[in-house]
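**Student:** Quick one: the structure is below, questions incoming.
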Amino acid sequence: MQENLQTPWEKSRPLAPPLSAARTLRRTTKAVSGWLLVLPALAILTLFTYGPALLVVAMSFYHWSLGGFQDSQWVGALHYQELLNPISGFLESLSVTFYYVGIMVPMTIALGLGIAWLFRGAAHKPTPWLTFTRAAVFLPYITPAIATSIIWVFIFNPQFGLANAALRFFHIPALGWLVSSTWALPAVMINNLWHNLGFTVVLFLAGLSNIPGEAVEAAWLDGAGGWQTFRYVVLPYLSPVTLMVVILTTIQAMQAFGSIYAMTGGQFGGGGGPLNSTTTTAIYLYKSAFIFFHYGYGAAVSVVLFALLLLMTIVQKQVGERYTTYQ
Amino acid sequence: MRLGQGKGRRALRTVFQAIVALVFLFPFYWAMVLSVAPKSHVFTLPPDLLPGWDFHPWVQVFQAAPWGLYFLHSVIITGSTIILVLITGACAGYALSLPTFRGREIVFGIFLAALMVPPEAILIPDYVVAYHLHILNSLRGQVLPFAVNVFAIFIFRQFFKTLPSELWDAAQLDGASWWRYLWNLALPLAKPAVATVSLLTFSSQWSQFQWPLIITQGQSARPVEVALSYFQGFDGTHWRELAAASILTLTPIVMVFLLTQRYFVVSVAGRVDDRESSAPMTPLNR
């Protein structure tokens with residue numbers, strides 16, 4: 001479609017007569033205009049994304065002072081050695097993060113797919129009831145995590161919270177939740193599952209609506225049961241969406257900050273308690289740089305986090321492509 | 001889809017749908033209840049799901065902090081970010097859709113690379129950049145880093161590519177420059193793209209927390225979310241006031257969502273089919 005936009009003189013340039021001044025001008029404008037149009041975007045991205053992505057690597061080798069390179073002291077790989085030292089708590093934060101991600105990803109997929117399956121329906125004309133109930137599920141996702149996490153702090157209050165009231169109702173002993181180093185992270189998980197599931201559900205709903213009705217009907221006619229149809233027809237169609245959900249949930253989970261901060265008393269020393277049990281790498285990074293002001297050390301943490309996210313995305317893509325069925 | 005038909009199963013499904021919807025809505029309800037519950041009813045066991053009315057906490061909240069100022073900050077930050085994202089996105093997206101733009105493949109690749117950089121990983125160097133630009137503790141400092149969104153660029157590019165080439169040919173015959181074509185013809189047609197980008201930018205900026213937390217000190221540039229967090233720090237034991245403050249913060253985004261709900265959900269899911277960028281626009285980074 002785009003090729004016919006090319007003016008004839010561009011194609012036959014060598015044989016064409018010399019261009020007139022006006023044409024030369026127009027050609028130059030055309031060539032330059034593209035660059036002019038992308039310039040603002042490229043400039044801002046250079047300042048706040050590409051530049052910092054390089055700077056963070058450089059910073060990690062310095063005892064960084066805000067004044068800049070001339071005020072900072074080169075320390076070589078010292079920060080990376082500290083990361084590996086168990087006393088620094090970085091490895092612990094990694095294991096907290098992996099625990100968190102390892103539970104969040106499968107839970108998000110199972111619940112997201114289940115809820116999407118429950119709310120499936122005609123793609124383009126859902127009933128008012130479906131529109132309403134789907135909106136209810138999606139609503140938490142657009143709310144600021146800080147505000148809703150405060151509500152969850154009430155719910156998880158060990159003495160007067162609803163969570164323990166519900167447990168007591170079922171005669172299960174009450175839990176400490178946010179004051180317990182075992183249950184604080186699960187409480188955060190419940191909050192974030194509630195908060196982010198709507199997004200996954202929308203993705204799965206879109207995936208479900210892309211499945212041609214004939215495929216399901218054919219399976220139905222061939223005598224496949226509900227489960228068989230789901231397993232052998234629906235799931236393969238959903239594999240690209242599922243791969244995307246895995247990648248996005250991993251990234252989201254590794255960067256969770258506001259909810260943990262609000263639920264674990266971030267205002268008092270950066271959060272992540274009790275006993276570092278909710279100190280994910282994102283919280284650890286924040287505290288290193290903005291509570292303890294070790295910018296260089298925080299930069300080293302950032303580099304490792306960066307590499308880890310990149311590696312996980314690539315691995316998931318590679319593994320995923322193998323098991324993904326594209327139409 | 002034929003699965004799960006029959007009257008009984010359909011009724012069962014409706015019941016489950018109602019339960020799930022209630023579970024998701026409950027925390028909002030609970031916050032509202034807490035904010036208007038009489039003091040004696042907050043700490044009762046079992047919790048009282050329908051206590052009486054007492055609007056005292058709401059009065060207290062407004063007396064405790066200059067919320068009007070914080071809201072003004074948030075509105076200015078969100079509004080100007082939306083405008084800037086639209087400008088940078090439409091311009092760059094248009095350029096990337098131009099067949100005459102040599103090097104658009106390279107530029108496209110460069111933009112794509114920006115998506116590989118997790119915001120968390122560049123938090124600290126961004127702070128250093130902001131420090132040297134003297135935009136710490138300012139509203140500008142909360143707008144500039146978010147003035148470009150690569151997904152917005154892709155959305156605009158995708159849209160401009162769907163415009164028929166005859167439109168451009170006709171505009172050229174009439175002697176219009178690319179700038180007039182963009183401004184008078186293409187952009188007015190791009191209203192759906194403009195709406196999508198505005199909505200997603202609104203929701204991500206309104207929920208912004210970590211960056212403003214880091215770069216603002218004192219009240220002069222503090223947005224609502226950070227103010228709420230400080231309020232939680234000072235008044236963590238005052239449940240009713242805290243619940244009222246949370247609702248206050250939630251209200252604008254919830255209103256926008258309810259008004260544009262259909263469109264919102266489509267915007268988020270819209271990128272599923274686009275293999276090129278392979279990820280939907282995640283409006284929120286937190």
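The values are calculated or read from the model by the stated rules, or taken from the named source; none is laboratory data. Everything quoted here is computed from the prediction, not taken from an experiment. Glycine gets a Cβ as well: all are built from the backbone with ideal geometry, and neighbour counts include every protein chain shown. To get the accessible areas, we keep the full protein, side chains included, count just its heavy atoms, and leave off ligands, DNA and RNA. Shrake-Rupley method; radii C 1.70, N 1.55, O 1.52, S 1.80 Å.
**Student:** Among the candidates A:Thr249, A:Thr279, which residue alone is farther than 21 Å from A:Phe156 by Cα and modelled with pLDDT of 90 or more?
**Tutor:** Only one candidate qualifies: A:Thr249.
**Student:** Among the residues of segment B:117-131, is any more than 9 Å from chain A (Cβ to nearest Cβ) and either open to solvent by 10 Å² or more (accessible area, probe 1.4 Å) or aromatic (Phe, Trp, Tyr) (or both)?
**Tutor:** Looking through segment B:117-131, none of the residues is more than 9 Å from chain A (Cβ to nearest Cβ) and either open to solvent by 10 Å² or more (accessible area, probe 1.4 Å) or aromatic (Phe, Trp, Tyr) (or both).
**Student:** Out of segment A:59-95, which residues are open to solvent by 30 Å² or more (accessible area, probe 1.4 Å) and within 21 Å of B:Val129 (Cα to Cα)?
**Tutor:** Listed by number, the residues that qualify are A:Phe61, A:Tyr62, A:His63, A:Ser65, A:Leu66, A:Phe69, A:Gln70, A:Asp71, A:Gln73, A:Trp74.
**Student:** Okay, moving on. Filter segment B:86-109 for residues that are part of a loop (DSSP other than H, G, I, E, B) and of a type outside the set (D, E, K, R); which is farthest from the other protein chains (Cβ to nearest Cβ)?
**Tutor:** Selected residue: B:Gly103.
**Student:** Can you pull out the residues in segment B:55-86 that are under 14 Å from B:Gln208 (Cβ atoms) and among the small types (Gly, Ala, Ser)?
**Tutor:** Answer for segment B:55-86, where residues must be under 14 Å from B:Gln208 (Cβ atoms) and among the small types (Gly, Ala, Ser): B:Ser74, B:Gly79, B:Ser80.
**Student:** Can you say whether B:Gly52 is open to solvent by less than 40 Å² (accessible area, probe 1.4 Å) and part of a loop (DSSP other than H, G, I, E, B), as far as the supplied structure shows? Before the answer, list the steps.
**Tutor:** Details: open to solvent by less than 40 Å² (accessible area, probe 1.4 Å): yes; part of a loop (DSSP other than H, G, I, E, B): yes.
Judged against the criteria, B:Gly52 is a match.
**Student:** State whether the residues of segment A:290-297 include one that is without any contact (Cβ under 8 Å) to a residue 24 or more places away in the chain and either under 17 Å from the mean Cα position of the chain (by Cα) or facing chain B (nearest Cβ under 7 Å) (or both).
**Tutor:** Yes, segment A:290-297 contains a residue that is without any contact (Cβ under 8 Å) to a residue 24 or more places away in the chain and either under 17 Å from the mean Cα position of the chain (by Cα) or facing chain B (nearest Cβ under 7 Å) (or both).
**Student:** Between a first residue in segment B:13-38 that is over 14 Å from A:Phe132 (Cα atoms) and more than 7 Å from chain A (Cβ to nearest Cβ) and a second residue that is surrounded by 18 or more Cβ atoms within 10 Å (Cβ to Cβ) and among the basic types (Lys, Arg), which pairs have beta carbons less than 6 Å apart while being 6 or more apart in sequence or on different chains?
**Tutor:** These pairs meet every condition: B:Ser35/B:Arg240.
**Student:** Just to be sure, is B:Ser74 in contact with a helix residue (DSSP H, G or I) (Cβ under 7 Å, 6 or more places away or on another chain), at pLDDT 95 or above and either under 25 Å from A:Gly121 (Cβ atoms) or open to solvent by less than 40 Å² (accessible area, probe 1.4 Å) (or both)?
**Tutor:** Considered against the rule, which asks whether it is in contact with a helix residue (DSSP H, G or I) (Cβ under 7 Å, 6 or more places away or on another chain), at pLDDT 95 or above and either under 25 Å from A:Gly121 (Cβ atoms) or open to solvent by less than 40 Å² (accessible area, probe 1.4 Å) (or both), B:Ser74 comes out as yes.
**Student:** Counting just the residues of segment B:132-167 that are surrounded by fewer than 20 Cβ atoms within 10 Å (Cβ to Cβ) and in a helix (DSSP H, G or I), which one comes out modelled with the lowest pLDDT?
**Tutor:** Within segment B:132-167, the match that is modelled with the lowest pLDDT is B:Ser165.
**Student:** Sort out which residues of segment A:96-111 are touching a residue at least 24 places away in the same chain (Cβ under 8 Å) and open to solvent by 70 Å² or more (accessible area, probe 1.4 Å), and write them in order of number.
**Tutor:** Of everything in segment A:96-111, those that are touching a residue at least 24 places away in the same chain (Cβ under 8 Å) and open to solvent by 70 Å² or more (accessible area, probe 1.4 Å) turn out to be A:Tyr99, A:Met107, A:Leu111.
**Student:** From A:Ala215, A:Ala219, A:Ala224, which residue is in the same structural domain as A:Met107 (by TED's automatic domain parsing), touching a Ser or Thr at 6+ places or on another chain (Cβ under 6 Å), without any contact (Cβ under 8 Å) to a residue 24 or more places away in the chain and open to solvent by 10 Å² or more (accessible area, probe 1.4 Å)?
**Tutor:** The unique qualifying residue is A:Ala219.
**Student:** Also: Taking only pairs six or more apart or across chains, which ones have beta-carbon atoms under 7 Å, a first residue in segment A:150-163 that is in the same structural domain as A:Phe257 (by TED's automatic domain parsing) and open to solvent by less than 30 Å² (accessible area, probe 1.4 Å), and a second residue that is part of a loop (DSSP other than H, G, I, E, B) and at pLDDT 90 or above?
**Tutor:** A:Ala163/A:Phe156
Listed here are the residues, each with its yes/no results for (1) open to solvent by less than 10 Å² (accessible area, probe 1.4 Å); (2) among the aromatic types (Phe, Trp, Tyr); (3) touching a residue at least 40 places away in the same chain (Cβ under 8 Å).
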{"position": "A:Leu167", "(1), (2), (3)": "no, no, no"}
{"position": "A:Ile172", "(1), (2), (3)": "no, no, no"}
{"position": "A:Leu175", "(1), (2), (3)": "no, no, no"}
{"position": "A:Trp183", "(1), (2), (3)": "no, yes, no"}
{"position": "A:Tyr232", "(1), (2), (3)": "no, yes, no"}
{"position": "A:Tyr237", "(1), (2), (3)": "no, yes, yes"}
{"position": "A:Leu243", "(1), (2), (3)": "no, no, yes"}
{"position": "A:Ser259", "(1), (2), (3)": "yes, no, yes"}
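**Student:** Does A:Ser209 satisfy being open to solvent by 50 Å² or more (accessible area, probe 1.4 Å), on the phi < 0 side of the Ramachandran plot, within 10 Å of another protein chain (Cβ to nearest Cβ) and in contact (Cβ under 8 Å) with a residue 12 or more places away in the chain?
**Tutor:** Spelling it out, A:Ser209 is indeed open to solvent by 50 Å² or more (accessible area, probe 1.4 Å), on the phi < 0 side of the Ramachandran plot, within 10 Å of another protein chain (Cβ to nearest Cβ) and in contact (Cβ under 8 Å) with a residue 12 or more places away in the chain.
**Student:** Then there's this: How about segment B:114-170: which of its residues are among the hydroxyl-bearing types (Ser, Thr, Tyr) and touching a residue at least 60 places away in the same chain (Cβ under 8 Å)? Write out each step before concluding.
**Tutor:** Of segment B:114-170, the ones among the hydroxyl-bearing types (Ser, Thr, Tyr) are B:127, B:131, B:138, B:162, B:165.
The answer is B:Tyr127, B:Ser138.
**Student:** Let me ask another. Tally up the residues in segment A:60-104 that are of a type in the set (A, V, I, L, M, F, W, C) and within 25 Å of the chain's Cα centre (by Cα), please. Talk me through it step by step, then tell me what you get.
**Tutor:** Looking only at segment A:60-104, we keep the residues that are of a type in the set (A, V, I, L, M, F, W, C), and these are A:61, A:64, A:66, A:69, A:74-75, A:77-78, A:83-84, A:87, A:90-91, A:94, A:96, A:98, A:101, A:103-104.
Restricting the remaining residues to those that are within 25 Å of the chain's Cα centre (by Cα) gives A:83, A:90-91, A:94, A:96, A:98, A:101, A:103-104.
Final tally of qualifying residues: 9.
**Student:** Does segment A:120-130 contain any residue that is part of a helix (DSSP H, G or I) and loosely packed, with under 13 Cβ neighbours inside 10 Å? Please lay out each step first, then the result.
**Tutor:** Let us first name the residues in segment A:120-130 that are part of a helix (DSSP H, G or I), namely A:128-130.
From what's left, loosely packed, with under 13 Cβ neighbours inside 10 Å: A:128.
Scanning segment A:120-130 turns up at least one residue that is part of a helix (DSSP H, G or I) and loosely packed, with under 13 Cβ neighbours inside 10 Å.
**Student:** Considering segment A:281-308 alone, what residues qualify as being open to solvent by 10 Å² or more (accessible area, probe 1.4 Å) and assigned to a helix (DSSP H, G or I)? Full working, then the answer.
**Tutor:** If we filter segment A:281-308 for residues that are open to solvent by 10 Å² or more (accessible area, probe 1.4 Å), which is where we start, we get A:284, A:286-287, A:290-295, A:297, A:303-304, A:306-308.
Passing the criteria: A:Tyr284, A:Tyr286, A:Lys287, A:Phe290, A:Tyr295, A:Tyr297, A:Val303, A:Val304, A:Phe306, A:Ala307, A:Leu308.
**Student:** Could I ask something else about it? Find all pairs meeting these conditions: Cβ atoms under 7 angstrom apart; at least six residues apart or on different chains; first residue within segment B:203-219 and at pLDDT 90 or above; second residue assigned to a helix (DSSP H, G or I) and among the basic types (Lys, Arg).
**Tutor:** From residues that are at pLDDT 90 or above, there are no pairs.
**Student:** Another question, if that's okay. Which one of these does B:Ala244 not meet: (1) farther than 30 Å from B:His41 by Cβ; (2) surrounded by 23 or more Cβ atoms within 10 Å (Cβ to Cβ); (3) more than 10 Å from every other protein chain (Cβ to nearest Cβ)?
**Tutor:** (1)
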